[in-house]
Amino acid sequence: MVNTLKEQFEEAVINSKSLSQKPSNETLLKLYSLYKQATEGDVTADAPSNPFDFVARAKYDAWLSLKGTTKENAMNDYIYLVEKLQG
């Protein structure tokens, strides 16, 4: 039986939480932004107002960089990245 893209994505989300090694911060940001794009679409919130909240800003910028990416493409990229991290 072939899983739908959404089912494959949900499986990848579960698998991403049990990777043998913790990914780099850059990879974690990529996973975060792809997840947000896949589940919510383009970012609609304003940028974080606290200039010293570097983590929130990095997450926002990473998600913003995917603006215009379809949810399906984001899901595919997320699945691919998790599979790559699993080895």
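Odds and ends about this structure:
- Applying 0.36 nm per residue to the separation of GLU10 and VAL55 and subtracting their alpha-carbon distance, the gain on full extension is 13.7 nm.
- Dividing the summed -39500 (n - 2.57) terms of all DSSP H runs of n ≥ 4 by the residue count of the chain sets its mean residue ellipticity at 222 nm at -20500 deg cm²/dmol.
- 10 Å Cβ shell holding at most 16 others, DSSP loop, trypsin sites (Lys or Arg not before Pro): longest site-free stretch of the chain: 18-66
- Computed over the chain with a Gaussian network model linking Cα atoms closer than 10 Å, the most mobile of LEU19, LEU34, LEU66 is LEU19.
- In Å, descending, principal axis extents of the Cα set of the chain: 48, 28, 15
- Of the residues SER24, LEU64, ILE79, the one whose Cα sits farthest towards the positive end of the charge dipole of segment 5-86 is SER24 (charges of +1 on Lys and Arg Cβ, -1 on Asp and Glu Cβ, taken about the Cα centre).
Only the coordinates and a few stated rules stand behind these numbers; no lab work does. Quantities reported herein were computed from a predicted structural model and do not represent experimental measurements. Note that each Cβ is placed from the backbone with ideal geometry, even for glycine, and that neighbours are counted across all protein chains shown.
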